[in-house]
Amino acid sequence: MINTNALKTNQTFKNYKELCEYLDEPIKTGKSKQLQLKDWKRYFSYEKEGQKFIITEIFDTPTEKIDKRTNGNRSKYVQPFMDYVMSTFNEKCIGEYYTISNWSTTLLRLLDKDICNSVYMEDQEIFDNYGKLGVTDLKLYRTYISTVKSITRNMILKTFGWLEKRDYIKYQEGYKFYYQGETYNKTVCTNEVNSLIDDIEREICQQLSDEHFKNKNIKGKQLVYVLQHSNNKKLLKTYMDMRMKAFNDSDTICSAVNDAIWEKDINSNDFVEGREKCLLSVYKAFRIVNFDSSYEKVNNKQEIIDIIQELALRHMMNIKYKRYGKEYCPYDNEFSLDEIRKINNALFKDSEPKVTLLDMAGEILDELCEDYDNPFFMDLSFAS
């Protein structure tokens, strides 16, 4: 709460520091200063003449502070996402399990699959394959693409939940298993071991957290996200290897996979037993059981892309590191914005943004709190 009792209309202060001292407000820098100046406008209006602040009006009561992190702001995303997802549904979506990668790239046509997968490449491989994009900061490249994928993943899952609650769709979660077949590697899906897989993954994450991150407050499968965004590829591989070994050692999981294989083809000679004929990889997958085909179709793809890009940019501009005891954001600068613009051009399919990235960044800087974290779509703790 700012005390403006002593403030007068037309009062002039030679600079920001003098105004802070008069109001008994802390002197800030960077984004904190911009947010402070914005907050002052709830109490009084002013004009700038060079360094000078000239008070033009003092309000009897402060104007209401709009918190864009509250549930009220969530609702503006709900309808556009539901409209887009429902408008893309067709008979191809019914009955088959698809991974989130399939949904975000092939079915919903939001992201480029090759660009999404490139984050798992070695540095030189990225340069060899995607050097033409002109991106030079590979840490930013991986972080931004991973952030977009996480936001899109959560968007899809939450949208499915909204639609099912409103009786527009019915969907099921399951897992897609890649396994060694009799003659070549194949896939099969089942939802019979969802809880067991989740328990195994959490147990492994807890074990690794206790061993390597004892002083960190990492809960459950948040560890997977931490490892995916760190340089500790060795520990990430350890997690993946432990995960697949546990799945192959589980008679319950192998039995469920075999049931799914024979349900798909009763004459199949394929089976898994966890050793010579083993499971190779496992991904969460989702299938639509039915949907309301009378739902009005809306072509709002660009609106969805704009929202994803805005949320991803907010996250990037809120990343902070410490240098010489001071916090700084490595991505709130023109170079990083230009790198992100290049990535967006390749990552988002058929995108024609109406707002430039620079304008979007300016708006974000105006409202970004230092502890900003969108609780709606920035739940990035999901394992992929």
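Of the helices (runs of 4 or more DSSP H) lying entirely inside the range 266-384, those carrying at least 1 residues that are closer than 27 Å to Val135 by Cβ and at pLDDT 90 or above are 301-318, 334-347.
For the range 23-32, the tally of residues that are surrounded by 14 or more Cβ atoms within 10 Å (Cβ to Cβ) and either touching a strand residue (DSSP E or B) at 6+ places or on another chain (Cβ under 7 Å) or among the charged types (D, E, K, R) (or both) stands at 3.
Criterion first (touching a residue at least 40 places away in the same chain (Cβ under 8 Å) and over 27 Å from Glu122 (Cβ atoms)) does Asp199 satisfy it? Answer is no for this residue. Cβ-Cβ contacts under 8 Å between residues 6 or more apart (or on different chains), taken from a first residue in the range 326-348 that is closer than 11 Å to Tyr144 by Cα to a second residue that is of a type in the set (S, T, N, Q), are listed as Glu339/Thr136; Asn344/Gln309; Asn344/Ser351. Filtered by the rule that a residue be touching a residue at least 60 places away in the same chain (Cβ under 8 Å) and closer than 17 Å to Asn154 by Cβ, the range 310-325 gives Leu311, Ala312, Arg314, His315, Met316. In the range 169-179, which residue that is aromatic (Phe, Trp, Tyr) and buried (at least 18 other Cβ atoms within 10 Å of the Cβ) is farthest from Gly95 (Cα to Cα)? In this case the residue turns out to be Tyr179.
Within the range 158-210, the set of residues being in contact with a helix residue (DSSP H, G or I) (Cβ under 7 Å, 6 or more places away or on another chain), farther than 27 Å from Cys254 by Cβ and assigned to a helix (DSSP H, G or I) comprises Thr159, Trp162, Leu163, Ser209. Filter the range 99-123 down to residues that are among the polar types (S, T, N, Q) and assigned to a helix (DSSP H, G or I) and give me whichever is farthest from the chain's Cα centre (by Cα). Among residues in the range 99-123 that are among the polar types (S, T, N, Q) and assigned to a helix (DSSP H, G or I), the one farthest from the chain's Cα centre (by Cα) is Thr106. In this structure, Thr4 does not satisfy being modelled with pLDDT of 90 or more, surrounded by 15 or more Cβ atoms within 10 Å (Cβ to Cβ) and either within 30 Å of Asp306 (Cβ to Cβ) or of a type in the set (Ser, Thr, Tyr) (or both).
The values are calculated or read from the model by the stated rules, or taken from the named source; none is laboratory data. Here the structure is a predicted model, which is why all the values come from computation and not from measurement. As a convention, Cβ positions derive from the backbone with ideal geometry for all residues, glycine included, and neighbour counts pool all protein chains shown.
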